[in-house]
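**Student:** Sharing a structure, written as structure tokens. Questions coming.
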Number of protein chains: 2
Amino acid sequence: MSFTIQQVLIPVEQGYDTVDVQIGHDPSEPDEGHRITAIGADLDVVGTIVDGRNKLLLPGFVNAHTHSSEMWQRGIIPPVPLELWLAELYDFIPLNEEQVYLSALGTAVETLLSGGTSVVDHLVLIPGKELETVAAAVRAYREVGIRAFVGPLIQDEPLTSGIPDGGTAQTHKPYLRSTKATLELMQEVINQFHKPETGINVMVAPTGLQLCSDHLFEGCAELSDRYGLCRHAHLLETKAQKLLAEETYGCSAVQHLKDLDYLSPRTSLAHCVWLDDTDIQMLAETQSTVVHNPLSNLRLGSGIAPILKYRQAGVNVAFGCDGSASNDSQDLLEAIKIGSILHNTTDFEYQHWITPRESVEMAALGGAKGLNVQDQLGSLTVGKQADLVMYDLTNLSLLPRTDPIGLLILGRPVNAVSYAWVNGKAVVENNSVVNVDLNALRQALFNQSQWSIKRQSPTVAEVEAHYRSVMQLPAFTQGYS
Amino acid sequence: MSFTIQQVLIPVEQGYDTVDVQIGHDPSEPDEGHRITAIGADLDVVGTIVDGRNKLLLPGFVNAHTHSSEMWQRGIIPPVPLELWLAELYDFIPLNEEQVYLSALGTAVETLLSGGTSVVDHLVLIPGKELETVAAAVRAYREVGIRAFVGPLIQDEPLTSGIPDGGTAQTHKPYLRSTKATLELMQEVINQFHKPETGINVMVAPTGLQLCSDHLFEGCAELSDRYGLCRHAHLLETKAQKLLAEETYGCSAVQHLKDLDYLSPRTSLAHCVWLDDTDIQMLAETQSTVVHNPLSNLRLGSGIAPILKYRQAGVNVAFGCDGSASNDSQDLLEAIKIGSILHNTTDFEYQHWITPRESVEMAALGGAKGLNVQDQLGSLTVGKQADLVMYDLTNLSLLPRTDPIGLLILGRPVNAVSYAWVNGKAVVENNSVVNVDLNALRQALFNQSQWSIKRQSPTVAEVEAHYRSVMQLPAFTQGYS
């Protein structure tokens with residue numbers, strides 16, 4: 001359905017303009033989506049009228065890295081480093097498909113209500129029900145109407161392989177699924193679910209070098225080439241992963257990924273905390289994208305990613321929430337705010353600091369670039385697809401009136417998303433998600449969970465002493481677990 | 001009015017208990033306030049019943065440092081260091097009393113809706129209308145019903161004195177008000193407004209060493225002793241302030257404050273980013289409180305305060321939002337979350353990291369200690385005053401159910417404050433502020449402001465070259481302003 005937003009504020013080179021924005025359908029387009037057909041003062045009305053007065057229109061942002069089903073563990077894992085946090089996470093009972101569906105719904109809702117119109121779900125698979133897991137998440141995303149990039153989280157090495165050996169000759173049990181079976185699974189996921197024209201995109205997304213063989217990365221790169229899929233992975237989230245890569249490959253993890261031909265303009269890499277200048281140069285040369293997950297990096301003590309260096313080197317940067325077990329929210333505006341101001345402490349040269357307008361560009365166009373759709377999404381440009389968000393500037397959290405983008409990015413907007421459209425379809429209207437009954441969702445999440453405190457974690461007990469030893473932390477008789 | 005909260009979740013040593021909480025009035029108390037009279041299972045009903053089912057009850061938090069009238073500049077100042085940010089701030093037209101009233105109202109509302117029941121307002125005074133400024137803020141706080149600690153922001157040296165000289169023999173214009181006149185003003189503020197029994201407390205609050213003479217600090221300490229007032233000041237927020245103190249006193253700023261006898265168990269010091277181990281020891285010995293303003297410290301690039309070191313040294317730490325021109329929100333839960341997880345990047349020993357329960361204790365009891373009211377406030381203890389907040393655990397942002405305090409502190413609660421009481425009086429009921437018409441407040445804030453972008457700042461133009469020179473940043477012909 002075509003529509004015209006009237007008298008809405010949009011950012012322009014020098015401040016803001018009040019304009020009309022026409023959203024229409026180009027019948028020659030195979031995807032039947034809606035595009036921005038005109039932006040200007042006093043346009044003719046096309047389709048229905050949307051009142052844009054006292055509202056700010058921006059391109060939709062991308063939640064460029066999350067794990068939706070971690071919503072079931074949000075708030076429960078204590079603040080510990082990634083390697084121990086992962087061990088905690090493994091101890092939770094495997095989810096069922098209904099839970100995968102509900103947490104994907106919840107992730108999509110929180111993303112939409114904080115300015116995101118696309119989500120990258122690095123989706124944890126239920127062992128033995130892998131295709132059903134993907135089907136459940138896809139069902140949720142299609143229902144909500146968010147644009148989704150689903151990368152099944154695959155690995156072919158067990159959890160304990162992710163901690164450096166430190167010369168102790170650790171042995172590891174084999175992973176539950178072979179490399180070959182994993183690649184066959186990916187082939188099937190692509191066959192069944194990769195339908196970009198419906199807003200559902202499959203990505204190849206090996207967990208990361210710390211838990212994946214070279215064969216798995218190579219197989220994923222090959223699938224990516226064959227089907228034109230985006231590539232995703234975790235990269236150097238922690239110091240332990242840096243040590244592990246040096247131990248395993250005798251070179252940096254980035255060099256190894258480059259040697260595997262995994263880096264490319266359609267590769268996005270989550271975290272990227274422990275890269276050195278040479279690594280950064282390789283990301284720039286290969287036009288790879290860094291996904292910055294600042295809140296998760298703080299909560300897990302992973303470190304502060306060198307985002308200002310990435311920007312100076314010309315590396316594209318997008319923002320992600322990361323999974324709710326390590327953040328513990330899917331509020332994209334929060335990730336953008338903290339992911340922007342955090343870096344002011346890393347460089348006294350304030351001319352390098354990220355401005356609110358730059359944050360918006362990173363969150364929208366930076367996100368689109370990382371997904372190789374910068375020609376279609378990420379800016380208010382005539383001809384681009386209508387993934388748009390309109391913020392209510394009369395909201396208390398955005399008052400008094402000053403610079404709307406300054407308020408949005410540096411403040412803490414509460415219920416400020418008034419409208420959101422994905423491919424021209426309204427997914428938020430009058431501050432409410434259109435296609436989801438939020439009360440029913442809350443009730444279902446409530447019913448399928450119970451209040452609890454941290455449990456004893458057998459997997460943490462297994463790995464903690466070794467972790468402390470390789471990280472050169474003092475030994476202690478009683479672990480935190 | 002007495003009341004009984006039934007079947008509410010409270011944290012106990014091992015997890016959570018579901019209890020009733022009685023709030024009653026002790027007629028022997030001169031302040032006519034209400035106290036917690038009993039906590040336990042199945043208590044007799046006293047007064048009205050409040051349904052606590054599926055809710056979490058915590059002591060009210062303290063927003064331990066803010067400047068309410070900066071709400072008028074939120075979102076507008078670009079990310080620049082404090083010294084240039086202050087220059088920007090000085091260029092804004094002085095406020096009128098109505099604006100002071102409205103921004104105090106807004107600050108109180110945002111604080112209440114994010115778990116705070118007390119606010120420390122380091123209040124910027126309108127030149128020539130100082131008493132009227134205090135009166136306007138006090139009127140707002142009494143109306144809302146929040147407990148307020150108002151410290152008029154006083155100084156006796158001009159803005160340019162706050163930047164190190166760097167051997168350049170800068171000259172400064174005298175400040176608009178003498179030291180003597182400033183202390184007389186404080187005496188009058190105390191006479192007129194210090195009424196703890198009504199929830200309004202006056203503090204002495206010289207801006208900080210960088211803009212105040214020794215005489216002003218000594219005069220404030222003397223007033224504090226005479227009237228039993230809390231003491232407040234900014235301390236070592238930036239590297240420039242550290243350089244300035246060494247230049248001016250030949251010792252650290254903390255040593256100088258100690259020599260002035262300003263440090264004490266009722267002294268709270270905002271920021272404390274640039275202290276060394278010896279300084280930290282002095283804070284511990286004097287039992288002074290650090291107010292951690294993490295978001296402002298990030299936005300202004302001031303640095304990461306060594307909070308884990310403070311805690312290890314036994315220094316009390318509280319949380320503040322700081323003014324909305326440097327944050328740009330008064331969401332206390334956001335400050336608590338970031339102020340807790342930020343420090344995980346500063347110490348690989350995760351046993352030192354702040355747990356969500358410790359965050360709650362810092363925000364509540366830590367805040368109360370900094371205001372010398374730890375015997376009256378800051379914990380769910382029979383006999384303490386009823387400054388309480390009840391969170392709705394069926395809120396989407398706090399679901400699915402896991403550890404309620406983990407969800408509250410590590411998540412991003414949205415509209416989660418269901419009830420708040422100050423001194424036993426309901427100030428939030430059913431997620432709405434009781435005593436303020438929010439629509440009218442929004443309308444007033446809207447009407448008295450206009451959308452704008454950053455202006456050329458004449459004061460920044462005056463100080464920027466000198467600032468860059470003393471901070472050893474490369475000279476450039478065109479400043480950011």
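**Student:** How far apart are the A:D51 label points across copies, placing each 7 Å from Cα toward Cβ, in nm, shortest first?
**Tutor:** Ordered by distance, the counterparts are at 3.4 nm.
**Student:** Here's another thing I want to ask about it. Once you've got the Cα coordinates, tell me which of A:K425/B:K55; A:K195/A:K239; A:K129/B:K55; B:K173/B:K239 are over 26 Å apart.
**Tutor:** A:K425/B:K55; A:K195/A:K239; A:K129/B:K55
**Student:** Something else now. Amide H neighbours of B:A38 under 5 Å, counting only residues 5+ apart in sequence or on other chains, H built in-plane at 1.01 Å?
**Tutor:** Sorted by chain and number, the residues that satisfy this are B:Q22.
**Student:** So what is the relative contact order for chain A, in percent, with contacts set as C-alpha pairs under 8 Å and at least six apart?
**Tutor:** 19
**Student:** Quick check: the angle from helix B:130-144's long axis to the longest principal axis of chain B, C-alpha only, nearest 10 degrees?
**Tutor:** Helix B:130-144 sits at roughly 20 degrees to that axis.
**Student:** Given 0.36 nm per residue, what is the gain on full extension from A:H352 to A:K173 after removing their alpha carbon distance, in nm?
**Tutor:** In short, 59.7 nm is gained.
**Student:** Residues of A:104-114, mean number of Cβ from any other protein chain within 10 Å of their own Cβ, rounded to a whole number?
**Tutor:** 1
**Student:** Now, a different point. For the pair B:E132 and B:D276, how long in nm is the line joining their label points, each one 7 Å along Cα→Cβ?
**Tutor:** Placing both labels 7 Å beyond Cα along the Cβ direction yields 4.8 nm.
**Student:** Next question, about the same structure. For A:E13, place a label point 7 Å out from Cα along the Cα→Cβ vector, do the same in each other copy, and report the separations in nm, one decimal, smallest first.
**Tutor:** 6.9
**Student:** I've got another one for you. State, in angstrom, two size descriptors of segment B:352-481 derived from its alpha carbons: Rg to one decimal place and Dmax to the nearest whole number.
**Tutor:** Expressed in Å, the Cα Rg and Dmax of segment B:352-481 come to 22.5, 64.
**Student:** Give me the dipole magnitude in Debye, nearest 20, for segment B:61-370 about the Cα centre, with unit charges on the beta carbon: positive for Lys and Arg, negative for Asp and Glu.
**Tutor:** It comes to approximately 560 debye.
**Student:** Hey, another quick one. Take every DSSP beta bridge with both residues inside chain B and express the antiparallel ones as a percent of the total, to the nearest 5.
**Tutor:** Taking every DSSP beta bridge with both residues in chain B, the antiparallel ones total about 50 percent.
**Student:** Still on this structure, please answer the following. Using a Förster distance of 45 angstrom, determine the FRET efficiency expected from the C-beta separation of A:I453 and A:E285, and round it to 0.05. Before the final figure, lay out the partial values.
**Tutor:** On the way: r = 48 Å, r/R0 = 1.07.
After rounding to 0.05, the efficiency reads 0.40.
**Student:** Using only the alpha-carbon atoms, how far is helix A:438-447 inclined from the longest principal axis of chain A? Give it as 0 to 90 degrees, nearest 10.
**Tutor:** 20
**Student:** Ok, one more. List the residues of segment A:401-416 whose accessible area drops by at least 50 Å² when all protein chains are present, compared with their chain alone, using a 1.4 Å probe and counting only protein heavy atoms.
**Tutor:** A:R401, A:T402, A:L410, A:R412
**Student:** Here's another thing I want to ask about it. Could you look at the protein assembly as shown and say what percent of its accessible area is carbon and sulfur, using a 1.4 Å probe and all protein chains? Spell out each step's value before the answer.
**Tutor:** Numbers: 16130 of 32930 Å².
Heavy-atom surface of the protein assembly as shown belonging to carbon and sulfur, 1.4 Å probe: 49 percent.
**Student:** Taking 2.2 N^0.38 Å as the expected size of a compact globular protein, what ratio does the Cα radius of gyration of segment B:139-227 give against it, to two decimals?
**Tutor:** My calculation over the Cα atoms of segment B:139-227 gives 1.28.
**Student:** For segment A:274-318 and segment B:9-26, what is the separation of their Cα centres, given in Å?
**Tutor:** Each part reduced to its Cα centre gives a spacing of 46 Å.
**Student:** Put a point 7 Å out from Cα along the line to Cβ at A:L131; what are the distances to that point in the other copies, in nm, shortest first?
**Tutor:** A:L131 label point versus its equivalents elsewhere: 8.2 nm.
**Student:** Provide the net charge surrounding A:P458, with neighbours chosen by a C-beta distance below 12 Å and charges set as Lys +1, Arg +1, Asp -1, Glu -1.
**Tutor:** Value of the local net charge: -3.
**Student:** If contacts are Cα pairs under 8 angstrom and at least 6 residues apart, what is the relative contact order of segment A:1-132 in percent?
**Tutor:** 25
**Student:** Let me ask something else about it. Can you give the average number of partner chain beta-carbon atoms within 10 Å of each beta-carbon in peptide B:386-397, as a whole number? Walk me through the intermediate numbers first.
**Tutor:** Numbers: counts 0, 0, 0, 0, 0, 0, 0, 2, 5, 1, 10, 8.
Neighbouring Cβ atoms belonging to other protein chains average 2 per residue here.
**Student:** Go ahead and run the numbers for FRET between B:E222 and A:R226, Cβ-Cβ distance against an R0 of 60 Å, rounding to 0.05.
**Tutor:** Taking R0 as 60 Å, the efficiency between B:E222 and A:R226 is 0.15.
**Student:** Provide a whole-number value for the mean count of partner chain Cβ atoms within 10 Å of the Cβ atoms in peptide B:343-352.
**Tutor:** Neighbouring Cβ atoms belonging to other protein chains average 6 per residue here.
**Student:** Separate question: Which value results when the Cα radius of gyration for segment A:402-445 is divided by 2.2 N^0.38 Å?
**Tutor:** On the way: Rg = 13.5 Å, N = 44, 2.2 N^0.38 = 9.3 Å.
Here the answer is 1.46, to two decimals.
**Student:** How much net charge surrounds A:G145 when only other residues with a Cβ under 13 Å from its Cβ are counted (Lys, Arg +1; Asp, Glu -1)?
**Tutor:** Around A:G145, the surrounding residues sum to +1.
**Student:** Using only the alpha-carbon atoms, how far is helix B:214-227 inclined from the longest principal axis of chain B? Give it as 0 to 90 degrees, nearest 10.
**Tutor:** The angle comes out at about 20 degrees.
**Student:** Now a separate question. Projecting each Cα onto the charge dipole of segment B:1-132 (Lys/Arg +1, Asp/Glu -1 at the beta carbon, about the Cα centre), which of B:L112, B:V8, B:S68 comes out farthest on the positive side?
**Tutor:** B:V8
**Student:** Output the Cα-based Rg and Dmax of the protein assembly as shown in Å, rounding Rg to one decimal and Dmax to a whole number.
**Tutor:** When restricted to Cα atoms, the protein assembly as shown yields Rg and Dmax of 27.6, 82 Å.
**Student:** Continuing with this model, one more query. Might you tell me the accessible area per residue for the protein assembly as shown, computed with a 1.4 Å probe and given in Å²?
**Tutor:** Working: 32930 Å² over 962 residues.
Using a 1.4 Å probe on heavy atoms only, each residue of the protein assembly as shown averages 34 Å².
**Student:** Another question, if that's okay. With a Förster radius of 56 Å, plug the Cβ-Cβ distance of B:M1 and B:A313 into 1/(1 + (r/R0)^6) and report the FRET value to the nearest 0.05. Show your work: numbers first, answer last.
**Tutor:** Numbers: r = 43 Å, r/R0 = 0.78.
With a Förster radius of 56 Å, E is 0.80.
**Student:** Please state, to two decimals, what the Cα-based radius of gyration of chain B comes to when divided by 2.2 N^0.38 Å (N = residues).
**Tutor:** Working: Rg = 22.0 Å, N = 481, 2.2 N^0.38 = 23.0 Å.
The reported ratio for this selection is 0.96.
**Student:** Chains B and A: what accessible area do they bury, summed, in square angstrom to the nearest 100, with a 1.4 Å probe?
**Tutor:** Summed over both sides, the interface buries about 7200 Å².
**Student:** Mean 1/r over all different Cα pairs, inverted: what Kirkwood radius does segment A:119-162 give, in Å? Please list the in-between numbers first.
**Tutor:** Numbers: mean 1/r = 0.0872 Å⁻¹.
11.5 Å is the Kirkwood radius here.
**Student:** According to a simple spin-label model (label point 7 Å from Cα along Cα-to-Cβ), what is the distance in nm between A:E13 and B:A38?
**Tutor:** 7.4
The values are calculated or read from the model by the stated rules, or taken from the named source; none is laboratory data. None of the values given here were measured: they were computed from a predicted structure. Neighbour counts are summed over all protein chains in view; Cβ atoms, including those assigned to glycine, are modelled from backbone coordinates with ideal geometry. Heads up: the accessible areas ignore ligands, DNA and RNA and are worked out on the full protein's heavy atoms, side chains in. Shrake-Rupley method; radii C 1.70, N 1.55, O 1.52, S 1.80 Å.
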